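Trainee: One structure follows; several queries about it will come next.
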Amino acid sequence: MTNRNAPAGTSTPIKAQERAINGQTAVTSKQTQKYHDSRQRKRRLTYLIAGLFLVFVVITGFMYGAVPITWQELLAVMQGQGTADTERILYYLRLPRVIAAALVGMNLALAGCILQGVLYNPLADPGIIGVTAGAGVAAMAVMILAPALTAWVPLAAFVGALVALAVVFILAWDRGINPLRLILAGVAVAAFFGGGTTALSVMFPDRIQGVVNWLAGGFAGARWTYVWIVLPYSIIGLVGALWNYRKLNALQMGEEVALSLGINLKKTRIILVLLAAILAAASVSVAGLLGFVGLIVPHLMRLVVGSDFEYLLPASAVFGAGLLVGADTFARTIFSPAEIPVGIFLSFLGAPFFLYLLKRRSRA
């Protein structure tokens, strides 16, 4: 109710204050909208750059190797007019290798992204839950103890990875999956299976030579069978990760907030860790022990597109695919006709980045 006894000029300062508050609200709203528009433009630009980078490295992977292929030869093959030798090189050697590298890169990047969200640990990657160590010892056991069954190495590695994951779940279970217990159990299981790898190396030194390249990680023997092994799990993992991006965002806001939003923490963590493990297991089964992709890519993309998993997951998938295809092409051409396993190249690339993250985190 208006005070009739108040002086006539009293309403003027009040109206001025209201206008000032409304003006500040409008300015804040404009600034927020401007920031949102800028972030959206940055994200779209990131998607565009990542997509162009992937196309570039894929074409480069087709063209370069022990036998270079020119643009004209590549276009001729695409038009069905290429020579028989060029077609064989492309269809039976480079095409499956490039596709396998892209799928593995996408899988490892998504697995690392998911685990960093579930475990609240920015340094998490597929190796932290023991999956890679389990796959490594299983594959090594087949190659050393039953060399006649080498064709079954991918299946053995996949089974070994799932066994390692089951052991980690059993050790970490305490009325649900606790992130800290999961990390500690993963480190313990990885150390145990790492000891098994070392024991096999010591007991069978005369047979270790054929295993070294697989342990180093790479796509030297990639063929279409490898693509068909990885592809179904890549589709399941990609769809599952994108389907659960809201739950990953909720987990980042804390357990209490996630519970208030109706998130079942136990069920969500189990599903997400299983997705990450399947992606990593399928990748390790065909590519060997590749490190740092699941660590580097999510961090790089988080710096650009932010921590919203709606944008972080697809950006990591595309850039992870491009990174591994490019790294594999570089590793097999830098000393052509000899090639080095891409896992070695990734170690040289990833170790300094890992140290940078540790230093940055300690400062924070």
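The values are calculated or read from the model by the stated rules, or taken from the named source; none is laboratory data. Computed from a prediction, not measured in an experiment: that's the story for all the values here. Note that we place each Cβ from the backbone using ideal geometry, even for glycine, and neighbour counts take in every protein chain shown. All accessible areas refer to the heavy atoms of the entire protein, side chains included, with ligands and DNA or RNA removed. Shrake-Rupley method; radii C 1.70, N 1.55, O 1.52, S 1.80 Å.
Trainee: Say we look at the range 226-245 and pick out the residues that are aromatic (Phe, Trp, Tyr) and open to solvent by 50 Å² or more (accessible area, probe 1.4 Å); which of these is farthest from Ala321 (Cα to Cα)? Even if it seems obvious, please write down each step before you answer.
Mentor: Initial filter on the range 226-245 (aromatic (Phe, Trp, Tyr)): 226, 228, 233, 243, 245.
If we keep only those that are open to solvent by 50 Å² or more (accessible area, probe 1.4 Å) as well, we get 228, 233, 243.
Numbers: Trp228: 17, Tyr233: 15, Trp243: 20 Å.
It comes out as Trp243.
Trainee: Could we say that Arg94 is assigned to a helix (DSSP H, G or I) and open to solvent by 30 Å² or more (accessible area, probe 1.4 Å) here?
Mentor: Numbers: assigned to a helix (DSSP H, G or I): yes; open to solvent by 30 Å² or more (accessible area, probe 1.4 Å): no.
Against the criterion (assigned to a helix (DSSP H, G or I) and open to solvent by 30 Å² or more (accessible area, probe 1.4 Å)), Arg94 does not qualify.
Trainee: Just one of Ala101, Ala76, Ala111 is in contact with a Phe, Trp or Tyr (Cβ under 6 Å, 6 or more places away or on another chain), crowded, with 16+ Cβ neighbours inside 10 Å and either free of Cβ contacts under 8 Å to residues at least 12 places away in the same chain or part of a helix (DSSP H, G or I) (or both); which is it?
Mentor: Numbers: Ala76 fails: in contact with a Phe, Trp or Tyr (Cβ under 6 Å, 6 or more places away or on another chain); Ala111 fails: in contact with a Phe, Trp or Tyr (Cβ under 6 Å, 6 or more places away or on another chain).
That would be Ala101, the only listed residue that is in contact with a Phe, Trp or Tyr (Cβ under 6 Å, 6 or more places away or on another chain), crowded, with 16+ Cβ neighbours inside 10 Å and either free of Cβ contacts under 8 Å to residues at least 12 places away in the same chain or part of a helix (DSSP H, G or I) (or both).
Trainee: Would you point out which residue out of Ala185, Ala161, Ala135 is touching a residue at least 12 places away in the same chain (Cβ under 8 Å), outside any loop (DSSP other than H, G, I, E, B), open to solvent by less than 30 Å² (accessible area, probe 1.4 Å) and under 25 Å from Glu339 (Cβ atoms)?
Mentor: Details: Ala185 fails: under 25 Å from Glu339 (Cβ atoms); Ala161 fails: under 25 Å from Glu339 (Cβ atoms).
After ruling out the rest, the residue left standing is Ala135.
Trainee: Please go through the range 273-316 and pick out each residue that is surrounded by fewer than 24 Cβ atoms within 10 Å (Cβ to Cβ), among the small types (Gly, Ala, Ser) and under 13 Å from the mean Cα position of the chain (by Cα).
Mentor: If the condition is that a residue be surrounded by fewer than 24 Cβ atoms within 10 Å (Cβ to Cβ), among the small types (Gly, Ala, Ser) and under 13 Å from the mean Cα position of the chain (by Cα), then Gly291 is the only one that fits.
Trainee: Still on this structure, please answer the following. Would you confirm whether any residue within the range 188-199 is within 21 Å of the chain's Cα centre (by Cα), at pLDDT 80 or above and among the hydrophobic types (A, V, I, L, M, F, W, C)?
Mentor: The answer is yes, given that some residue of the range 188-199 is within 21 Å of the chain's Cα centre (by Cα), at pLDDT 80 or above and among the hydrophobic types (A, V, I, L, M, F, W, C).
Trainee: Of the numbered conditions (1) open to solvent by less than 60 Å² (accessible area, probe 1.4 Å); (2) under 23 Å from Phe348 (Cα atoms); (3) assigned to a helix (DSSP H, G or I); (4) not acidic (Asp, Glu), Phe219 satisfies every one except a single condition; which is it?
Mentor: For Phe219, the exception is condition (3).
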